[in-house]
């Protein structure tokens, strides 16, 4: 009896045979008739040893729990009930506040999207006029000023585009398409876009393509290209010496789908491990990269786009050695795409392959072998077999090196094969 009277919650004991209230404490008596109402509920719980229910009495919400037991040699139920009105009201207020916050966030997103679009429209006119101005006769000082304005305008345009993309993604307005595209053409476009940028910095920019890469896939080439462009742009921006490589690897291939890895690797400054987890956070900029400009939106957008296409993006980096960003995707093949290319009879004309980077030469050799041409790397200068031709590839940023071909021509037993 003492335990029931001093309990911090409403308690009452109800006899199971007739529903009579045997005991109720003072907290239970705060709501007149509650015990009788609980007793009336007893008939609803026949055969149930314990459980929980809710009651609403005069605008108050009660949470009721019961358990079967014995009291003074009789079968009874012990009912405990709490007033959860405040909890429910707080939950309703929280839901209303959340709804108001969502509404305000949607309004903010719509405002940003609208303003970004309205700002970008006149900026097109500025960029176009600057391009026309560059075609006129300008003295060296004027050209310097013009280039500064063009770079600043391009940075502003990219920032506005990123803000617009973030607004679209947050508001659910970003749509992912599924159209036919050629992945090889897309990679070539990316290389051509950034070739001049890499050449100005004296960097090697090239791609290594898996020979098994299908020629036609279904996906959103614009968004995939957007991710690759961002990764390549960052790689060139933060690399002063060395190279930037774009790789396309086929990880798995069947009659309907291909698992691809797009990888952008550089020999730049690298990223400390503590900062790598933050790279994909909105507005985050590594301390050593803030001077390069930007607002920290590019990589978060890349991750969002990858996830929207059921892919993922990850980074591996080591300070002083460079970084590697990998985009993994599973894409369907276009109708009629061949997954097993027909075997080609080996060509009777063997060739050597030479490139400034062994990895690039190996990639070219793999492609030639795929086409049925017996290819070997020109670096194996001690081999005594003769080749009918030498395929020499010089990267755009590489000066001509006639000694490269000369070394091949001097192979023992060689007969001065032509260079291509």
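For the reader, a short list of remarks on this structure follows.
- Using only the C-alpha atoms, the convex hull of segment 179-332 corresponds to 104 Å³ per residue.
- Distance from segment 48-120 to segment 124-150 (C-alpha centre basis), Å: 62
- Semi-axis lengths (Å, descending) of the ellipsoid that matches the C-alpha gyration tensor of segment 127-184: 35, 17, 8
- In percent, rounded to a whole number, the relative contact order of segment 179-332 is 24, using alpha-carbon pairs under 8 Å and six or more apart.
- Over the Cα atoms of segment 169-228, the radius of gyration divided by the Kirkwood radius equals 1.07; this is the Rg/Rh ratio.
- Computed log₁₀ I(q)/I(0) - Debye formula, equal Cα scatterers, no solvent, segment 127-246, q 0.22 Å⁻¹: -1.27
- For segment 79-180, the spread of Cα positions along the three principal axes, ordered from largest to smallest, is 93, 39, 18 Å.
- Relative contact order for segment 52-96, counting Cα pairs under 8 Å that sit 6 or more residues apart, in percent: 31
- Comparing segment 222-273 with the 2.2 N^0.38 Å rule of thumb, its C-alpha radius of gyration ratio is 1.38 (two decimals).
No lab work stands behind these numbers, since they all come straight from the coordinates. The model shown is predicted, which means the values in this text are computed figures rather than measured ones.
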